[in-house]
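Student: After the structure tokens below, expect a handful of questions from me.
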Amino acid sequence: MFCPKCRSEYRIGFTRCSDCGATLVDELPPEPVRASGDDPGLVRLRSYSNDTEAFVARSVLEAAGIDAIVSPPRQPVGLPHYFGRGLTGTDVYVRSDDFIEANEILQRVDQS
Ligand SMILES: [Zn+2]
């Protein structure tokens with residue numbers, strides 16, 4: 001038996017948590033999904049055709065307090081030349097929470 005609030009484990013026979021009074025359950029619900037660094041819910045904000053623009057965008061976002069990640073430049077290894085340079089773009093990612101704000105910031109930059 002487990003307390004769903006404080007996640008204490010109890011022997012069978014107990015029905016209430018002695019700490020918080022919650023009704024015990026047979027199985028704990030899954031841990032709340034909390035990204036542990038690997039995947040903070042990144043979304044692609046923009047794609048740039050060259051690294052410089054992408055890094056400028058990142059510095060603008062970071063100046064506004066938004067963490068941004070510039071993806072490693074895609075290596076056009078093995079791609080036929082006729083695909084052109086469009087495929088070698090550099091992506092800028094932000095946390096999904098920051099996406100709307102980041103997008104507005106970059107729009108202001110684009111218009112200036
Ligand atoms: Zn408890």
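Student: Please verify whether Asp19 is within 16 Å of the ligand (Cβ to nearest atom) and modelled with pLDDT of 90 or more, treating the condition exactly as stated.
Tutor: Against the criterion (within 16 Å of the ligand (Cβ to nearest atom) and modelled with pLDDT of 90 or more), Asp19 qualifies.
Student: Ok, one more. Considering only residues that are in a loop (DSSP other than H, G, I, E, B) and of a type outside the set (Ser, Thr, Tyr), which ones fall in region 2-19?
Tutor: Matches in region 2-19: Cys3, Pro4, Lys5, Cys6, Arg7, Arg11, Gly13, Cys17, Asp19.
Student: Criterion first (at pLDDT below 80 and either within 16 Å of the ligand (Cβ to nearest atom) or not charged (D, E, K, R) (or both)) does Pro4 satisfy it?
Tutor: Considered against the rule, which asks whether it is at pLDDT below 80 and either within 16 Å of the ligand (Cβ to nearest atom) or not charged (D, E, K, R) (or both), Pro4 comes out as no.
Student: At pLDDT 90 or above, assigned to a loop (DSSP other than H, G, I, E, B) and either within 16 Å of the ligand (Cβ to nearest atom) or at positive phi (or both): is that true of Gly78 in this structure?
Tutor: no
The values are calculated or read from the model by the stated rules, or taken from the named source; none is laboratory data. Since we're looking at a predicted model, the values are computed, not measured. Every residue, glycine as well, gets a Cβ built from its backbone with ideal geometry; the counts of neighbours run over all protein chains shown.
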